[in-house]
Amino acid sequence: MILRLILIFFLFCNSSFARIIEEIIKVPVSVTNSIYANNPKFEQEITVTIWRDDSIKKSPYLLFSHGRAGTDQERASFGRSSERKNSEYFISKGFTVILPTRIGYGVSGGPDAEYSGACGSKNYLEARKVSVGQSK
């Protein structure tokens with residue numbers, strides 16, 4: 001009898017806990033950076049990590065975009081944007097968290113599509129348009 005009660009309790013409790021799911025998908029993106037005069041359009045797939053609570057059917061989305069690495073080597077070795085601890089926090093607040101690994105970074109690869117010009121004449125607005133354009 002006690003074993004049966006423990007089993008029922010375990011099954012009840014186990015089903016009420018949230019199960020955090022991590023999905024990794026590929027998404028085609030197309031962005032333009034006017035600083036690149038000869039080929040300003042970038043089209044390729046990027047890797048997107050999605051964290052969500054399996055027990056919630058509908059939730060708002062939170063887009064979590066990584067920062068900018070300073071060198072080609074840092075961008076290449078970036079890996080994949082996943083931010084597990086931060087994502088778990090936002091999931092606990094009811095969100096589904098979406099983390100794109102943008103063009104030119106880690107597993108998404110490709111050229112530095114967010115290049116903003118030489119040091120003395122950077123065009124930050126153009127670079128920002130490119131990074132945000134990948135998140136639409």
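The values are calculated or read from the model by the stated rules, or taken from the named source; none is laboratory data. Predicted model, so just to flag it, every value in this text is computed and none were measured. Positions of Cβ are backbone-derived with ideal geometry, glycine not excepted, and every protein chain shown enters the neighbour counts. All accessible areas refer to the heavy atoms of the entire protein, side chains included, with ligands and DNA or RNA removed. Shrake-Rupley method; radii C 1.70, N 1.55, O 1.52, S 1.80 Å.
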The answer for the net charge of residues other than R75 whose Cβ lies under 10 angstrom from its Cβ, with Lys and Arg +1 and Asp and Glu -1, is -2
Whose amide H sits under 5 Å from the amide H of N123, counting only residues 5 or more places off or on another chain, with H placed in the peptide plane?
-> G117
Name the residues of the stretch 22-44 whose amide N is less than 19 Å from a point 7 angstrom out from the Cα of K129 along the C-beta direction?
-> 29-44
Judged on accessible area alone, 1.4 Å probe, highest first, E88, E74 line up as E74, E88
5 angstrom amide H check on L62, placed H, neighbours 5+ away | T96, V97, I98
Spin-label model distance (nm) - S65 vs Y36, 7 Å beyond Cα toward Cβ | 1.7 nm
Could you please put R19, R52, R75, R84 in sequence from largest to smallest accessible area, using a 1.4 Å probe?
-> R19, R84, R52, R75
Karplus 3J(HN,Hα) series, Hz, for the stretch 101-118 with 6.51 cos²θ - 1.76 cosθ + 1.60 (x for Gly, Pro) | 9, 5, 4, x, 10, x, 5, 6, x, x, x, 7, 5, 9, 3, 10, x, 5
Give, to the nearest whole percent, the P(r) tail of the stretch 27-114 beyond 23 angstrom, counting all Cα pairs.
-> 32 percent
